[in-house]
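Report on the following structure.
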Amino acid sequence: MKLNRAGFSISAAVALACLALPAWAHPNLSGHWVLLPEQSNFHGQPATETGEVTIEQRHGQLFISRHLHVDGDAGGMEYNFTTDGHENSTIHEGKEMKTKASWDGDTLKVRTKMNNEETLEQYRISPDKDQLVLTVETPDHQVSTMVFQRQ
C-alpha cells in the first residue's frame with residue numbers, strides 16, 4: 001500500500017509541475033506585426049506613419065526585423081540575438097552596435113549600446129495575443145510606445 005501512495009504522490013507532483021510549466025514559459029513573440037499609429041505615441045520623435053515588425057523566435061534565439069516609416073522614409077533595423085543575457089555585436093550603418101537581451105517575466109528587454117549610448121526596447125504581447133507593445137527609451141530618456149497588430 002505504501003508503494004501505491006508513493007507512486008500516486010510522484011504522479012501528482014509530476015502532473016502539478018506540468019500544469020505549472022506554461023506559467024514559467026516565455027510568450028512566443030513570433031509573427032508579422034503592423035503598426036497601429038492611432039494607438040501609439042512618440043515622445044520626442046517624429047510621427048511615424050507606418051511600420052512593421054517581424055519576429056522569429058526559436059529555442060532562445062530571436063531574429064527581429066523592424067521597419068518604421070517616418071515622413072515617407074524607411075528607417076529599418078534588423079538584428080538577431082540570444083535571450084540568455086550575453087552581449088552580441090553587429091555593425092549598423094558602419095558603427096558597432098552591441099545588444100543584450102533577456103526576459104523580465106513576460107517582457108523581452110533588449111539593451112542596445114552604440115557610441116556609448118544605450119537604448120532600451122521592451123517587447124510584450126497583449127493578453128489576447130493579437131497585439132505587440134514595443135516601448136523604446138532613448139539615451140536622452142525620451143519614451144515612445146508603439147502598438148502593433150498581428151497579421
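The values are calculated or read from the model by the stated rules, or taken from the named source; none is laboratory data. Just so you know, these numbers come straight off a predicted model, no measurement behind them. For neighbour counting, all protein chains shown are included, and Cβ atoms are generated from backbone atoms with ideal geometry for every residue, glycine included.
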Item to check | Within the range 101-151, tally of residues that are farther than 19 Å from residue 65 by Cα and touching a Leu at 6+ places or on another chain (Cβ under 8 Å) | outcome: 1
Item to check | residue 96 being at pLDDT 90 or above, part of a strand (DSSP E or B) and not β-branched (Val, Ile, Thr) | outcome: no
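What residue, among those in the range 105-151 that are on the phi > 0 side of the Ramachandran plot and in contact (Cβ under 8 Å) with a residue 12 or more places away in the chain, is surrounded by the most Cβ atoms within 10 Å (Cβ to Cβ)?
The extreme case among them is 129.
Filter the range 99-136 for residues that are part of a strand (DSSP E or B), of a type in the set (S, T, N, Q) and farther than 20 Å from residue 30 by Cβ and give the result. Please lay out each step first, then the result.
Within the range 99-136, the first condition is being part of a strand (DSSP E or B), and the residues that meet it are 99-104, 107-114, 117-125, 131-136.
Those still in the list that are of a type in the set (S, T, N, Q) too: 99, 102, 107, 112, 119, 122, 131, 135.
Within the range 99-136, 112, 119 meet the criteria.
Of the residues 71, 84, which single one is exposed (fewer than 15 other Cβ atoms within 10 Å of the Cβ), more than 16 Å from residue 136 (Cα to Cα), more than 20 Å from the chain's Cα centre (by Cα) and modelled with pLDDT under 75? Walk me through how you get there before you give the answer.
Working: 84 fails: more than 20 Å from the chain's Cα centre (by Cα).
Residue meeting the stated conditions: 71.
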Next on the checklist: Against the conditions (1) modelled with pLDDT of 70 or more; (2) closer than 24 Å to residue 107 by Cα, where does residue 79 fall short? Just the number, please.
Outcome noted: (1)
Checklist entry - Take the residues of the range 49-68 that are under 14 Å from residue 146 (Cβ atoms) and loosely packed, with under 15 Cβ neighbours inside 10 Å: which is modelled with the highest pLDDT? => result 50
